[in-house]
Every structure is written in C-alpha cells, then in structure tokens.
Amino acid sequence: MSKGLPKRSEDYSLWYNELVKKAGLAENSAVRGCMVIKPYGFAIWEKMQRVLDDMFKATGHQNAYFPLFVPKSLFEAEEQNAEGFAKECAVVTHYRLQTDPDNPGKLRVDPNAKLEEELIVRPTSEAIIWSTYKNWIQSYRDLPLLINQWANVVRWEMRTRLFLRTAEFLWQEGHTAHATAEEAIAETKQMMEVYATFAEQYIALPVVRGVKTPSERFAGALDTYCIEGLMQDGKALQAGTSHFLGQNFAQAFDVKFATKEGGLEHVWGTSWGVSTRLMGALVMAHSDDEGLVLPPKLAPIQVVIVPIYKGEEQLAQISEKVIALKKELESKGISVKFDDRDTERPGFKFAEWELKGVPVRLAIGARDLENGTAEVARRDTKEKSTQAFDSLVDYIPALLDEIQENIYNRAFTYREEHTTKVDSYEEFKEVLENKGGFVLAHWDGTPETEERIKEETKATIRCIALDTEEEEGVDMLTGKPSKQRVYFAKAY
C-alpha cells in the first residue's frame, strides 16, 4: 500500500494529522471542530480506559454519571471557575425546533421556546457535581467521597487538531471531598502519581511531575499538579492534571459536614482528569515516518500473522499451525490477528500493519513450515529474525515486554538529550529556536516575567518540578534572585 505520509522532519504537524487519519484512529466530522474516533482508535482508548479505571478503583474511587447540562446560575456560583471557562462555553438557549413557514422542508428555532435559564454544555463538571454533593454530604461519616466520571465535555476551540484539541472530547474527571486539607492534598498528589504511572508504564512516556504556576492553574484551584511529556518535535504536552480545590467549591455550593467534635465545617475538594489528548501523546511520542509505533500494552492487536502461500492447499496447512499458535498466545492474554485475506498481497499487508503500529509481525510460508520456523519482525526497531515455531509461545511474550521497555527507553533518552540548562536569555531563545525540548532556567516567581517570556518566545512554564532541588541563581530576564529552576517549553 502507498502510505503517502509526510516526513516528520519536513512538516511535523502535517505528518501527525495524516498519520492519525491514515492509520484509522480518527477523522474530522461534519461538525466543525469535532472528530469521529474510528474503531481502531477507539480500541486504544478503551484499553486506556480499562487500565485507568482499574487504577482508580484500586485507590477507592467509584464511578457515577452527572448531567451534560449545567444551569447558568450553578455554573457561575464559583466565580473563578466560571470566568476561566466563559469564553469556551457552548450555551443552550431554546428547547424546541419548528417547521420554517418561509422555507418549506426546513426547520428553525421556535422563538416561543426560549429557556427561562440558559444551560451550559459542561466544559467541566465541578458546578453540577458540587451542587449534588451538598445533598450527599452531611457528616464526617460521609467522607471521604471519592467519585469518578467517564464523560464527554465541550470547550469551544477555534483552532482544533485531532485528539489534541477538539471542541468535544472524551475524558474522565475525578471529584473528591475530604474532611481536612491534608487529606485533599494527599489525594491530589496520589492521583497525579496514578497518571504518571500510567503514562510511564503503559504509554511508555516518561513524564515530569510538577506543580503549575499560579497563572497556569486550573480556574478555581489553589494548586494544580501535572505531568508533562516531551514529543518528538521538541514540544511539551500536558498529559494529565490534578487539582487541589481547597474549600472554594464547598463554599460556593455550601457543602458542609458535621465534625466528630460536633462542629460544622466546609469540606476540602479535589478534581483531576485525563482525556483523549493521551491518544495524541501516544502518537507523537513514538511514531515514525512509516506509521504508528504502539507500546504493546496499549496496542489493540499485539501480534499479526501473515501467511505467504500459493494455492488453497498451502494456506490450509499454514492455517492449521497458525490457529493453534493463535489460541496458545491468546490464552496468555496476547491479542493476535491472523490476516488471511485473499484480497491483498503480503507486501500490502506488511505495510498496512506497520502503518497501524502492530508491535510484532509473523510471516509464515511453505518453506517455514518445512523448517519449523517463522519470520518475526518487531515494529519498534524494524529488526527481523527467524525463530523456531515451537518456541514462539514463550518467545513472543518476552519480546513484547522488551519492545515496551525499549519504546520507553528511547523516549527517555530523547527527553534527556533535549533537556537543557541555561542561564542567559539569549541562550534560552537560541535553545528554543534550534534545539527545542525542556529548558531549565531560573525564574523570579513573578507573573509579569512569566508573561513577558511567553509573549516574546511563545514558551511557557510547564511546571515547577517536584524533585527540583533548591539552587541559588538569578532570573535570566530580570536578574532578580531565584531559588530554583523551572521547566520551560513550547507546548501543545
């Protein structure tokens, strides 16, 4: 098959968009700014969901579901949150259509069906959830309340890109309530670590764990913890956030609990989420000019087997061996595709499954049957080897583990090579322009300096890393004192 993919080195953005489409992950829809996630892409998202959902439940969380619509009065109850999302909101103003008397066969909004109060299509669910928590929480016995929701949200984006930024996207959002600030902060950090573990062990993406600066915090939060990954074009991607809300939402919605001592106090809250943006991270962190490179733990198909044959008799002989092997591998939890289509040549199949990022490909022909062997090709390094057929049941699981580790190590090496310490503003701009990646530099802690650097270079402070050691220095721009370096980068 002719893949027709642009080269990453020539046009990274075009390469990404074309790869997402050609690999069958997603496509643009008839609705401006929205995407259709295709079956192959949704299969990856389902795997992500399954793993994350198990991780959430292992930490004591339960799933629930809340309305898509938020009455405007509830949405604006927490002022910082409402103001932060106001420009991105889709608003429902009417509840009915009618036939258009001036245009036969067409519809119009019924002017008499105006809602008494506008409904906001949720950009995030704090308002509707905290208004519900008021009824659920009465006493310290009701705490902690640990709830997660798998849902869609709408944020009206003007410039969209498949998975990375769309008007509607899928995500999960956790919302928890606690008796003390210490418990809520511990929850916030715990969920950031859950995200980091998932990113590193499943997406094979090394991430920096940190906190956002005040200007980059979630609207309505006292602190935002985040994980930041580095893509192959040297840009950062925020892969997950976890917010310590303090008592802001509890006060806005009057969520109080009776303490053990008989007092009445507002609860302490958190919220945290990851979205289908993780799909973009998966593509951009690992893939190459031939197509996707999927970590085995998230690949919908981990092994594809392509028979090479002449005539039905050879196919039948190969199929007998392959079907037995397929069952044995599947019994070990490995997903296997036997591509015995007679409508495409082997070369086409090889290219198709390479494009789709299947980690391991087996090719078995008549000569392999005679020799008791199979050709094994791994997607990450494109290396091929000949293996004894009878050893494949043990060899392939170990190979998948090796591929998973190699993909992570490759991304880790890239990040290390593209993390640069600088002390001068000139050096900072030179690294951003010519090398990219994370730039570690001193910052004086003021939003004015942060904003000026952003305006002049398009780079933002991605986070203040949790493992950053104190180091006396001066801000590269203002010369004011600084006690630690922060992570700057251009970002998605």
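The values are calculated or read from the model by the stated rules, or taken from the named source; none is laboratory data. These figures come from a predicted structure and were not determined experimentally. Methodologically, a virtual Cβ is constructed for each residue, glycine included, from the backbone with ideal geometry; neighbour enumeration extends over all protein chains shown. For accessibility, only protein heavy atoms count, side chains too; no ligands or nucleic acids. Shrake-Rupley method; radii C 1.70, N 1.55, O 1.52, S 1.80 Å.
Checking MET192 against (1) under 14 Å from ALA465 (Cα atoms); (2) surrounded by fewer than 24 Cβ atoms within 10 Å (Cβ to Cβ): exactly one of these is not met. Which one?
(2)
So which residues in region 200-214 are of a type in the set (Gly, Ala, Ser) and either crowded, with 24+ Cβ neighbours inside 10 Å or at pLDDT below 95 (or both)?
ALA204, the sole residue that qualifies.
Yes/no per residue for (1) under 21 Å from GLU200 (Cα atoms); (2) hydrophobic (A, V, I, L, M, F, W, C); (3) open to solvent by less than 60 Å² (accessible area, probe 1.4 Å); (4) in contact (Cβ under 8 Å) with a residue 60 or more places away in the chain:
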site: LEU392; (1), (2), (3), (4): no, yes, yes, yes
site: LYS421; (1), (2), (3), (4): no, no, no, yes
site: ASN434; (1), (2), (3), (4): no, no, no, no
site: LYS458; (1), (2), (3), (4): no, no, no, no
site: ILE464; (1), (2), (3), (4): yes, yes, yes, yes
site: LEU477; (1), (2), (3), (4): no, yes, yes, no
site: TYR487; (1), (2), (3), (4): yes, no, yes, yes
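Could you please find all residues in region 132-144 being without any contact (Cβ under 8 Å) to a residue 40 or more places away in the chain and either more than 30 Å from GLY263 (Cα to Cα) or surrounded by 12 or more Cβ atoms within 10 Å (Cβ to Cβ) (or both)? Before you say what the answer is, go through the steps one by one.
At the first step, the residues of region 132-144 found to be without any contact (Cβ under 8 Å) to a residue 40 or more places away in the chain are 135-136, 141.
Once the filter is applied, which keeps residues that are without any contact (Cβ under 8 Å) to a residue 40 or more places away in the chain and either more than 30 Å from GLY263 (Cα to Cα) or surrounded by 12 or more Cβ atoms within 10 Å (Cβ to Cβ) (or both), region 132-144 yields only TRP136.
Pairs under 7 Å by beta carbon, first residue over 11 Å from TRP150 (Cβ atoms) in region 50-61, partner hydroxyl-bearing (Ser, Thr, Tyr) and open to solvent by 50 Å² or more (accessible area, probe 1.4 Å), six or more apart or different chains?
VAL51/TYR202
Return a yes/no flag: does region 48-57 have any residue that is at pLDDT 95 or above and closer than 26 Å to TRP156 by Cβ.
For region 48-57, residues at pLDDT 95 or above and closer than 26 Å to TRP156 by Cβ: present.
Condition check: among the hydrophobic types (A, V, I, L, M, F, W, C), touching a residue at least 12 places away in the same chain (Cβ under 8 Å) and closer than 23 Å to MET191 by Cα. Does PHE69 satisfy that? Before the answer, list the steps.
Numbers: among the hydrophobic types (A, V, I, L, M, F, W, C): yes; touching a residue at least 12 places away in the same chain (Cβ under 8 Å): yes; closer than 23 Å to MET191 by Cα: no.
Considered against the rule, which asks whether it is among the hydrophobic types (A, V, I, L, M, F, W, C), touching a residue at least 12 places away in the same chain (Cβ under 8 Å) and closer than 23 Å to MET191 by Cα, PHE69 comes out as no.
Return only the number of the condition from (1) touching a residue at least 12 places away in the same chain (Cβ under 8 Å); (2) under 23 Å from ALA316 (Cα atoms) that ARG378 does not satisfy.
Among (1) touching a residue at least 12 places away in the same chain (Cβ under 8 Å); (2) under 23 Å from ALA316 (Cα atoms), ARG378 violates only (2).
Quick check on region 78-101: of everything there that is modelled with pLDDT of 95 or more and farther than 19 Å from ARG155 by Cβ, which residue is least open to solvent (accessible area, probe 1.4 Å)?
So the residue we want is ASP100.
Sort out which residues of region 369-384 are open to solvent by less than 40 Å² (accessible area, probe 1.4 Å) and out of contact with any Gly (no Cβ under 7 Å at 6 or more places or on another chain), and write them in order of number. Steps first, answer last, please.
Applying the first criterion (open to solvent by less than 40 Å² (accessible area, probe 1.4 Å)) to region 369-384 yields 372-374, 376-380.
The answer is GLY372, THR373, ALA374, VAL376, ALA377, ARG378, ASP380.
Is region 222-241 home to any residue that is open to solvent by 10 Å² or more (accessible area, probe 1.4 Å), among the hydrophobic types (A, V, I, L, M, F, W, C) and farther than 21 Å from ALA459 by Cβ?
yes
What are the pairs with Cβ atoms under 7 angstrom where one residue, in region 91-106, is under 30 Å from GLU76 (Cβ atoms) and the other, located anywhere, is in a loop (DSSP other than H, G, I, E, B) and of a type outside the set (Phe, Trp, Tyr)? Sequence gap at least six, or different chains.
HIS94/ASP110; HIS94/ALA113; TYR95/ALA113; ARG96/ASP110; ARG96/ALA113; LEU97/ASP110
Out of region 104-131, which residues are assigned to a loop (DSSP other than H, G, I, E, B) and exposed (fewer than 12 other Cβ atoms within 10 Å of the Cβ)? Don't jump to the end; show me each part of the working.
To start, the set of residues in region 104-131 that are assigned to a loop (DSSP other than H, G, I, E, B) comprises 104-106, 110-113, 122-125.
Hits for region 104-131 are PRO104, GLY105, LYS106, PRO111, ASN112.
Yes/no matrix, rows are residues, columns are (1) open to solvent by less than 50 Å² (accessible area, probe 1.4 Å); (2) of a type outside the set (Val, Ile, Thr):
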residue: ILE37; (1), (2): yes, no
residue: ARG50; (1), (2): no, yes
residue: MET55; (1), (2): yes, yes
residue: GLN62; (1), (2): no, yes
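Among the candidates ALA489, ALA398, single out the residue that is small (Gly, Ala, Ser) and under 27 Å from CYS226 (Cβ atoms).
Working: ALA398 fails: under 27 Å from CYS226 (Cβ atoms).
After applying the criteria, what remains is ALA489.
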